Structure formats: structure tokens, C-alpha cells
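Worksheet: the structure to be examined is printed underneath.
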Amino acid sequence: MTDILHYRVPNQGKIKEKGVFKKVNSFQSVEGFILSSFLKEEKFVFEKNAETNDRDFIRHSPYCLSENEYLTQATSFLEELKKKKIAKAIFSRVKELAIYHSAEELFDKLCSQYPNAFVYLISSSCFGSWIGASPEILLTVDGYEAETIALAGTMRTTDSSLWRGKEIEEQQLVTDFISNKLSGLEVENRVQFPREELIAGSIKHLSTRFKFRTQFELQEKIIDTLHPTPAVSGSPQKKAIELIGKYEKHNRSLYAGVIGFISKEETQLFVNLRCAQLIDNKAYLYIGGGFTKKSNIRDEWLETESKAETLQKVFQKK
């Protein structure tokens, strides 16, 4: 028996590999497809052409907050954020959705619907079955030329109004974090580009690109230094992660972790957003929003609903 690995890098062809995901302690000198949990306590590498007899899959469904539960928890989350003077923290939830297509069909539909996203389908006894279409680049490297993106702030693509101060501030925190972290790494020719909009399905984000030169031996250090960015954890990072752990009722597992492939010639790594865990005939969508002192709880709920649409409209019965 082999695990499932299907993926599609933005604007490229689909790749389907045979092999097995294996747990590792480090990505140092690793080449191949990799993924990790949110805080990187668990790291996996895909070993091509390997086989396993272990097929006892995870069947435990994550906890799904109702709207009223979310509003109650989020209110306490925001109050403590303000009390502890945390600039930003991400509060996420899980949404249960019935699905009427096979995992393979969902993967193909996501590839067609979102050509600019990193789309994947993975399945292993190590972590269960997951699918996603992430717009967020963590690190891409072509030879020595590298790029990362500070992505945050959310609006519907149909909304032509100006970006609010809350979203601009939220994205600037991520930009400053990445800029400061890159300054402490041994990278060369670093360039920061002007802020721009990035379209991801029915929603758009603010993004700032960074380009620089690096070496393969430094890639794991870059990953560990940049991830998790304030876009998926918060700022200051340690306090934000502690707040997340206190109020989120689900285990993030692979949500907001690292996913993609790494090699000496080319690296394409993404943050695992717009993703879902597949259990039986249901999908469990992981969706979050960035809280600052300017957050409105109702608006944050609506933002998670907007983000859920990326997968929801593809998963719906037709």
C-alpha cells in the first residue's frame, strides 16, 4: 500500500507520486516533498516508491464552533489580546461541510478553479487525508534566487472600497516581521517591493514581496526563522501562540503548517491555508482571521465565512 500525494504548483501541471510519508526530526539537507504541523512539532517527508502496511487512518473529527460559540470565544480572545497588549493574534475555527465528490474529483476541481494557488491532496496514516488550495508563499527558490511574501488583510474581490486601517496595520506587522527576520539571516541582495493586492478566489489580500539570494544549506534555517509568521500566529509571536492555545478548541494539526517541495535546484514551499481534513463524506475546513485591538467580532466571523467559500463552492453538490 502507498500513501497519496497529488499536487499542482501555480500555473504548472499536476503531479501524482507513489510512496510513503515518513516522520523526520529535521528538514536539514532533505530534498523532496515535505510538510509540517502548525508549530512544526511534527515534520514529514515523502519517500518515493516506498510502501507501508499501516493503514489505520485518523477518524477523530475536529471540534467545530457554532456561530454563537465563536462569538463568545472570540470576545474573550479579543479582550485578553487587548489586556496583554498583543498587537495581533490569529483565532481560527473549523467548519463542517458535507461533500458529494471523491477526493480525486475535488483535487481536479480545485486545480481548475484556482490556477494561481498551490493545490494538493495528501493521505497517510500519519495524519489522515487533507486537501487544500493555498495562496500564501512561504519560500520559493530557483537556483540561488529566492522569494517570500508577507500576506495579510482580507476583503471580497467585489469590494471596491479602500482598505481599512485594521487590515493595513495587520499586513504591516507581517511585513515588518519578515523584514526583520531576513535582516538577521545570511541572505544577499534583499529587495522589498511595494505593497499590492493579491487575488485568491472570491477574496483578496494585501501582500508585500521580498526577493533575495540564498543557498540550499540555509533553507531550513530560513523556514524555521520565518514560520509561523504573524499571518498565521500573531505578534509578538510567543504571546500570540499562547493565546491561540488557550482559546482554540481544536488542534490545528497541518493547518497553517509548511507544505511543498524542496531541492538544491528548486524549492516551492507554502503555508497550508484554505485547507480541509477529509473524513468519510465530510470536509472539515480550517479558517482563521487576524485579530487586532481594532477588530470587530462580527466582522471577523464574516471574514472566516468568506475564506471558507474558497473550498466550499468547489465542494458543494452540483
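Within segment 128-194, what whole-number % of the accessible surface is contributed by carbon and sulfur, with the 1.4 Å probe and all protein chains included in the calculation?
Working: 1450 of 3010 Å².
Result for segment 128-194: 48 percent of the exposed heavy-atom area is carbon or sulfur.
Applying the Karplus parametrisation 6.51 cos²θ - 1.76 cosθ + 1.60 with θ = phi - 60° to the phi angles of segment 193-200, what ³J(HN,Hα) value in whole Hz is obtained for each residue in order, glycine and proline being reported as x?
8, x, 5, 8, 8, 10, 8, 9
Enumerate the residues in segment 236-264 having an amide nitrogen under 11 Å from the point lying 7 Å beyond the Cα of S76 toward its Cβ.
Counting only backbone N, you get 246-249.
Assigning unit charges at the beta carbon (Lys, Arg +1; Asp, Glu -1) and nothing else, what dipole magnitude in debye, to the nearest 20, does the chain show about its Cα centre? Let's see the in-between values first.
Values: 45 positive and 43 negative charges, 150 e Å.
I would put it at about 720 debye.
Once each part is reduced to its C-alpha centroid, what is the distance from segment 133-160 to segment 253-318 in angstrom?
Segment 133-160 and segment 253-318 have Cα centres separated by 14 Å.
If you work out mean projected area of the Cα convex hull in nm² from the coordinates, which of [x] 26.7; [y] 16.4; [z] 15.5 do you get?
[z]
I'd like the accessible area for L39: 1.4 Å probe, protein heavy atoms, all chains in place, Å² to the nearest 10.
For L39, the solvent-accessible surface is approximately 70 Å².
Tally Lys/Arg at +1 and Asp/Glu at -1 over every other residue whose Cβ is under 9 Å from the Cβ of T208; what's the total? Please report the intermediate quantities before stating the final value.
Numbers: positive: R195, R209; negative: E196.
Neighbourhood net charge equals +1.
Accessible area per residue, 1.4 Å probe, Å², for the chain: what's the number? Don't skip to the answer; put the middle values down first.
Working: 14040 Å² over 318 residues.
On a per-residue basis, 44 Å².
Which distance in nm do the two modelled labels at K23 and E196 give, with both placed 7 Å along the Cα-to-Cβ direction?
The modelled label-to-label distance comes out at 4.2 nm.
In nm², what is the average projected area of the convex hull enclosing the Cα atoms of segment 1-82?
Values: hull surface 37.8 nm².
In nm², the orientation-averaged hull projection of segment 1-82 is 9.4.
With every protein chain left in place, what is the accessible area of S160 in Å² (1.4 Å probe, nearest 10)?
Near enough 110 Å² of accessible area.
Could you report the accessible area of S112 in Å², rounded to 10, computed with a 1.4 Å probe on the protein chains as they sit in the structure?
Near enough 100 Å² of accessible area.
For segment 156-244, just say rounded, prolate or oblate: build the C-alpha gyration tensor, square-root its eigenvalues into a ≥ b ≥ c, call rounded for a/c under 1.5, and beyond that prolate if a/b exceeds b/c, oblate if not. Present the calculation step by step, with values, prior to reporting the outcome.
Values: a/c = 2.24, a/b = 1.45, b/c = 1.55.
Because a/c hits 1.5 or more and a/b fails to exceed b/c, segment 156-244 counts as oblate.
Counting only protein chains, not ligands or nucleic acids, how are D299, D142 ordered by accessible area (probe 1.4 Å), most first? Don't skip to the answer; put the middle values down first.
Details: D299 65, D142 110 Å².
Ranking D299, D142 by accessible area, largest first, yields D142, D299.
Rank R274, R213, R93 by mean-square fluctuation in a GNM of the chain with C-alpha springs under 10 angstrom and give only the top-ranked residue.
Ranking R274, R213, R93 by mean-square fluctuation puts R213 first.
Could you work out which residue, out of A50, A276, A87, moves most in a Gaussian network model of the chain, that is, has the largest mean-square fluctuation with Cα springs under 10 Å?
Maximum fluctuation in the GNM of the chain, among the listed residues, is at A50.
Would you please give the residues with an amide H less than 5 Å from that of F91, counting only those at least 5 places away or on a separate chain, with H modeled from the backbone geometry?
G289, F291
The values are calculated or read from the model by the stated rules, or taken from the named source; none is laboratory data. Keep in mind that this is a model prediction, so the values were computed, not measured. Here the Cβ is made from the backbone with ideal geometry for all residues, glycine too, and neighbour counts use every protein chain on show. Calculation scope for accessible area: heavy atoms of the full protein, side chains included, ligands and nucleic acids excluded. Shrake-Rupley method; radii C 1.70, N 1.55, O 1.52, S 1.80 Å.
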